[in-house]
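Report on one structure; see the data block that follows.
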Amino acid sequence: DEITQKQLLEAQTRYEAFNELNGLIETLAPYFEETGGATLEDYVNNFFQALQDFLREPTNQAAKENLLTKADSLAKLINDRYSLLNRLENEVLNQIPNAIGQINKIAERLARLNKEIAFEYSRTYGESKDYKYLLDQRDQLLSQLAQYVNISYNFDSLGRVEVSIVEGESTAAGYIQLVSADGKASSLDFVKDGTNPLNSVVVDQNGTAWKLSFFKNGRLGAYSQAIEFYEGLKGKLDTLAQNLANNLSLNGLGKSIFTATSAGDIALNVTSSDLDNYDIAQAQGDADIANSAWETAKGDLEILQSYYADQRSEVQIKLDTERDTYDYLKTQYSQRVGVNLDEELAELMKLQQHYQAVSKMIATSSRLLDY
């Protein structure tokens, strides 16, 4: 059933995308879910509490040491979160060449299969034309390919297949041809951009570069969306780090407590000597600055946490929906094209009876010839 088969493969490629993406997002749960353990919110609040304690008693040695400790811990935690995202992003980028390699292998096997189908058709023309086993192999390869990318395909009268990678925004020139009916396969290549992962591209055989954002379905689509999600989280961390550096320039110190151009390089910008030389007369004004910076940091954290929670919830809902759709279509497809075990058992029993009858005929013939 060609229509049901296409619906099944479309559902499969969407399910594979959200299943893979869900796993990549869940990896970050211990670090961004903020539901247990020492969370980023705890570190931010502990730092600002230590800062307020210091501003109330600028000469208190314990308050100075506590402020330096809490500030340094916060900077390191933000930096660690950023490094984690970079590491996971790099792991995803390293999985893409493997996926591209699998796509190329499947495309080559489909191209060879097209030639075999043409050969078997010509060899059995006028007879049984029975090469359904090759068509079964073709359908299995299409199913394997749908795990990685969203495909569009057409069969000719012989059963050979033409395959292209397409997405929702594909136009007449916006698709990647993989396999032609005459047995030719295109190969893809991946060009990684470690500095800006979203600028990484997949290059087709014609030299056309396709941005990762083009791919929305299958595992390749999951990798694309995961990198985009990681970049979004890094951007939210950057905002937090930059606001901490820009909003905590205390008059009594003559400098900011932190220095940062991004979450990846945020660092402590004061020393114990700076705190010893703090201008006590500026304490009240600096307390107001600290309170304002604290409110900004709370807002930045809320945006960060909401971004992670919303994305995770959305992907989980889509995964459940696509899983149900895929399971339903798989059942429908099996019912339409699968074998009936009762009928097959009856046929098997008939064949067994025929075999026994023929055995008796041969034995009788042998006795007659001997006689």
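The values are calculated or read from the model by the stated rules, or taken from the named source; none is laboratory data. Predicted model, so just to flag it, every value in this text is computed and none were measured. Every residue, glycine among them, receives a Cβ derived from its backbone with ideal geometry; neighbour counts consider all protein chains shown. Heads up: the accessible areas ignore ligands, DNA and RNA and are worked out on the full protein's heavy atoms, side chains in. Shrake-Rupley method; radii C 1.70, N 1.55, O 1.52, S 1.80 Å.
Given (1) over 24 Å from the mean Cα position of the chain (by Cα); (2) buried (at least 18 other Cβ atoms within 10 Å of the Cβ), where does Arg56 come up short, assuming only one miss?
It is condition (2) that Arg56 fails.
Does Ala209 satisfy the criteria of being modelled with pLDDT under 95, within 23 Å of Ser143 (Cα to Cα) and of a type in the set (A, V, I, L, M)?
Considered against the rule, which asks whether it is modelled with pLDDT under 95, within 23 Å of Ser143 (Cα to Cα) and of a type in the set (A, V, I, L, M), Ala209 comes out as no.
If I filter region 171-178 for residues that are touching a residue at least 60 places away in the same chain (Cβ under 8 Å), closer than 24 Å to Gly101 by Cβ and surrounded by fewer than 18 Cβ atoms within 10 Å (Cβ to Cβ), do I get at least one hit? Break it down into steps so the answer makes sense when it comes.
So the first thing to find is which residues in region 171-178 are touching a residue at least 60 places away in the same chain (Cβ under 8 Å), and the list is 178.
Next, from what is left, pick out any that are closer than 24 Å to Gly101 by Cβ: 178.
Keeping just the survivors that are surrounded by fewer than 18 Cβ atoms within 10 Å (Cβ to Cβ) gives none.
Checking region 171-178: not a single residue is touching a residue at least 60 places away in the same chain (Cβ under 8 Å), closer than 24 Å to Gly101 by Cβ and surrounded by fewer than 18 Cβ atoms within 10 Å (Cβ to Cβ).
Any idea how many residues of region 250-282 are assigned to a helix (DSSP H, G or I) and surrounded by fewer than 18 Cβ atoms within 10 Å (Cβ to Cβ)?
7
Report, by residue number, each residue of region 329-370 that is open to solvent by 100 Å² or more (accessible area, probe 1.4 Å), among the hydrophobic types (A, V, I, L, M, F, W, C), closer than 30 Å to Gln12 by Cα and assigned to a helix (DSSP H, G or I).
Of everything in region 329-370, just one residue is open to solvent by 100 Å² or more (accessible area, probe 1.4 Å), among the hydrophobic types (A, V, I, L, M, F, W, C), closer than 30 Å to Gln12 by Cα and assigned to a helix (DSSP H, G or I), namely Leu341.
Just to verify a result, which residue in region 1-33, among those that are in a loop (DSSP other than H, G, I, E, B) and farther than 23 Å from Tyr328 by Cβ, is farthest from the chain's Cα centre (by Cα)?
Initial filter on region 1-33 (in a loop (DSSP other than H, G, I, E, B)): 1, 27-28, 33.
So of that shortlist, the ones also farther than 23 Å from Tyr328 by Cβ come out as 27-28, 33.
Details: Thr27: 11, Leu28: 13, Glu33: 19 Å.
Within region 1-33, the match that is farthest from the chain's Cα centre (by Cα) is Glu33.
Could you count how many residues in region 23-53 are in contact (Cβ under 8 Å) with a residue 60 or more places away in the chain and crowded, with 19+ Cβ neighbours inside 10 Å?
8
Write out, first by first residue and then by second, each pair whose Cβ atoms fall under 6 Å of each other, whose residues are 6+ apart or on separate chains, and whose first residue, in region 184-212, is small (Gly, Ala, Ser) while the second is open to solvent by 50 Å² or more (accessible area, probe 1.4 Å).
That search, which allows pairs on different chains as well, returns Ala185/Glu108; Ser186/Gln177; Ser186/Gln205; Ser187/Gln205; Ser200/Lys192.
Report, ordered by the first and then the second residue, all pairs with beta carbons closer than 8 Å, sequence separation of six or more or different chains, a first member in region 232-244 that is open to solvent by 30 Å² or more (accessible area, probe 1.4 Å), and a second member that is assigned to a helix (DSSP H, G or I) and of a type in the set (D, E, K, R).
Short answer, once both residue conditions are applied: Lys236/Asp300; Thr239/Asp300; Asn243/Asp300.
Spot the failing condition for Tyr82; the list is (1) among the hydroxyl-bearing types (Ser, Thr, Tyr); (2) closer than 26 Å to Ala245 by Cα; (3) open to solvent by 60 Å² or more (accessible area, probe 1.4 Å), and only one is missed.
For Tyr82, the failing item is (3).
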